[in-house]
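First the structure, in the form of structure tokens, and then the observations on it.
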Amino acid sequence: MKLANFTPDMQILDVGCGVGGSTRRLSHETGCYVTGIDLSDEYIDAAERLTDLLKMQDRVKFEAASALDLPFDDNTFDGAWSIQMNMNVEDKLGWLKEVFRAIKPGGRAVLYEVCGHKNTPVYFPVPWAQDSSMSFLYHQSHFGKLLHRPDSISRSGMTRPICQRRHFHKWQNQRVSQTYRNSEYICWSETTY
């Protein structure tokens with residue numbers, strides 16, 4: 001999805017926004033309204049302070065919330081994105097279902113995720129976890145299988161991703177072909193760990 005696909009009247013959800021850098025950037029580049037959520041109250045506090053300093057609070061909002069229990073009604077957002085968050089979520093299926101519950105039919109969800117590599121062990125600490133009890137890193141093929149699982153994902157209406165690519169530049173020009181309630185979803189991943 002190119003940023004040009006966003007329009008100023010759109011409402012976008014940034015799931016796992018951290019201190020809000022991606023949230024503010026999306027709003028700045030496109031003019032759309034963006035709401036960021038993160039589980040950490042400290043990150044949300046920092047995100048709000050930075051947003052106030054940049055005088056962006058009219059288009060960018062933040063809430064402390066779980067990606068597994070979003071505090072929004074069904075069909076609230078025109079789209080959602082999640083950047084490098086899946087390794088922090090054990091219940092990946094619950095996370096995906098919540099994202100799609102919150103976006104409108106015809107919306108788009110974009111996932112950019114770090115995935116594990118089957119031949120490379122993870123040595124802790126890593127940027128998202130101090131030890132293995134905090135890390136839920138999936139191998140790329142396992143994450144792909146989760147997106148394709150007919151017994152679970154399809155029950156929420158998702159059938160399979162539009163595309164799954166290892167690098168963003170390979171995805172940018174990919175033609176969209178799959179939908180959920182007329183909502184597209186895109187996943188690409190890196191296998192850096």
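Couple of notes before you dig in:
- Largest-first ordering by accessible area, 1.4 Å probe, given options Ile37, Ile83: Ile83, Ile37
- Close amide H partners of Gly116, meaning residues 5 or more places away or on another chain with modelled amide H under 5 Å apart, are Tyr138, His139, Gln140.
- Ranking by accessible area, most exposed first, for Thr120, Thr35 with a 1.4 Å probe: Thr120, Thr35
- Base-10 log of normalised Debye intensity for the range 91-143 (one unit scatterer per alpha-carbon) at q = 0.15, 0.23, 0.28 Å⁻¹: -0.56, -0.98, -1.18
- Beyond 22 Å, the tail of the calculated P(r) for the range 1-84 holds 17 percent of the Cα pairs.
- Contact order relative to length of the range 83-137, as percent, for alpha carbon pairs under 8 angstrom and 6 or more apart: 51 percent
- Among the protein heavy atoms, those of Tyr43 account for about 120 Å² of accessible surface (1.4 Å probe, every chain in place).
- Amide H contacts under 5 Å for Gly36, placed H, 5+ residues apart: Asp14, Lys61, Phe62, Glu63
- Net length gained if the chain between Trp128 and Asp52 were fully extended (0.36 nm per residue, minus Cα distance): 24.7 nm
- Per residue, the solvent-accessible area of the range 87-141 (1.4 Å probe, heavy atoms of protein chains only, all protein chains present) comes to 48 Å².
- When Rg and the Kirkwood Rh are both derived from Cα coordinates, the Rg/Rh ratio for the range 26-142 amounts to 0.99.
The values are calculated or read from the model by the stated rules, or taken from the named source; none is laboratory data. Please read all numbers here as calculations on a predicted model, not as lab measurements. These area figures cover heavy atoms from the full protein model, side chains too; ligands, DNA and RNA do not enter into them. Shrake-Rupley method; radii C 1.70, N 1.55, O 1.52, S 1.80 Å.
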